[in-house]
Amino acid sequence: MTTGFIQTYLWLLGPFLVRYLIIASVTHGYFWNRRVTAPLGFRLATQKPQGAHIWREARTSLLASFIYAFPAAIMVHAYKLGGTKLSLSVPETVWDWLWIPISIGIYLFLHDAYFYWTHRGMHHPKVYRAMHHAHHTSKQPSAYASFAFHPWEAIVAAWFVPALTF
């Protein structure tokens with residue numbers, strides 16, 4: 001690996017980790033740390049998530065962030081070298097402008113279909129425990145469970161968006 005790739009990976013990893021921690025912490029605080037009234041979280045669950053429970057979800061999510069950053073770094077590094085179909089140029093023709101919403105629609109359709117079928121596949125009894133069980137161990141998930149994927153599940157999910165750029 002080149003130094004440039006490692007720098008790109010670390011440059012992406014930082015925001016992945018910070019974004020996750022900020023969003024999960026703010027959401028958790030909003031639902032569970034309200035002092036004025038009863039916590040809003042009680043509308044969703046019967047008891048407040050405990051520290052060990054939150055730490056397990058956060059630890060799993062943080063590991064997934066390291067995995068998600070890797071294919072993203074491949075994509076960004078390849079873009080820097082001119083090896084992707086990404087373009088940051090200003091659209092010049094009507095077709096170029098139309099392509100923006102069309103490509104977003106195609107992306108959303110493909111990503112949703114990919115997520116649906118891989119998620120459904122991970123519920124198959126032969127792979128469930130090895131790939132997807134970690135995500136469902138939280139019977140009362142907290143905000144920290146949002147990214148709590150087993151490493152195999154993260155690997156399956158993380159490559160799709162970067163692959164579309166090629």
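The values are calculated or read from the model by the stated rules, or taken from the named source; none is laboratory data. Values in this document were obtained by computation on a predicted structure and should not be read as measured data. Positions of Cβ are backbone-derived with ideal geometry, glycine not excepted, and every protein chain shown enters the neighbour counts. The protein model used for the area step is the full one, side chains on, heavy atoms only, and it has no ligands, DNA or RNA in it. Shrake-Rupley method; radii C 1.70, N 1.55, O 1.52, S 1.80 Å.
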- What residue among Pro141, Pro91, Pro49 has the largest mean-square fluctuation in a Gaussian network model of the chain, using Cα springs under 10 Å? Pro91
- Query: Under the Karplus relation 6.51 cos²θ - 1.76 cosθ + 1.60, θ = phi - 60°, what is the ordered set of whole-Hz ³J(HN,Hα) values for the stretch 111-117, x standing for Gly and Pro?
  - Reply: 5, 5, 5, 4, 4, 4, 6
- Message: Along the charge dipole of the stretch 5-126, pointing to its positive end and built from +1/-1 on Cβ of Lys, Arg, Asp and Glu, which listed residue (His119, Ile67, Leu21) has its Cα farthest out?
- Response: Leu21
- Query: With the chain treated as a Gaussian network of Cα nodes joined by springs under 10 Å, which of Leu12, Leu63, Leu110 yields the largest mean-square fluctuation?
  - Reply: Leu110
- Message: Could you work out what % of the accessible surface of the chain is carbon and sulfur, using a 1.4 angstrom probe and leaving DNA, RNA and ligands out of the count?
- Response: 70 percent
- Task: List the longest stretch of the chain that has no exposed loop site; here a site is one of the trypsin sites (Lys or Arg not before Pro) assigned by DSSP to anything other than H, G, I, E or B, with at most 15 other Cβ within 10 Å.
- Result: 36-84
- Message: Helix-only mean residue ellipticity at 222 nm, the chain, DSSP H runs n ≥ 4 weighted -39,500 (n - 2.57), per residue, nearest 500. What is it?
- Response: -21500 deg cm²/dmol
- Query: Which whole-number percentage describes the relative contact order of the stretch 91-166, with Cα contacts under 8 Å and a sequence gap of 6 or more?
  - Reply: 25 percent
- Item | Sum of side-chain charges, Tyr144 neighbourhood, beta-carbon under 12 Å (Lys, Arg +1; Asp, Glu -1) | +1
- Note on the structure: With the 8 Å Cα cutoff and a minimum separation of six or more residues, the chain has a relative contact order in percent of 38 percent
- Query: Considering only protein heavy atoms, what per residue accessible area in square angstrom results for the stretch 10-130 with a 1.4 angstrom probe?
  - Reply: 73 Å²
- R0 of 41 Å, Cβ-Cβ distance Phe160-Val94: FRET efficiency to nearest 0.05: 0.85
- Candidate values (1) 19.5, 64; (2) 19.1, 57; (3) 14.7, 47, label of the one derived for Rg and Dmax of the Cα atoms in Å: (2)
- Note on the structure: the chain, Gaussian network, Cα under 10 Å: of Thr84, Thr93, Thr60, the residue fluctuating most is Thr93
- Note on the structure: Between His150 and residues 5 or more places away or on another chain, the pairs with built amide H atoms under 5 Å apart involve Ala134, His135
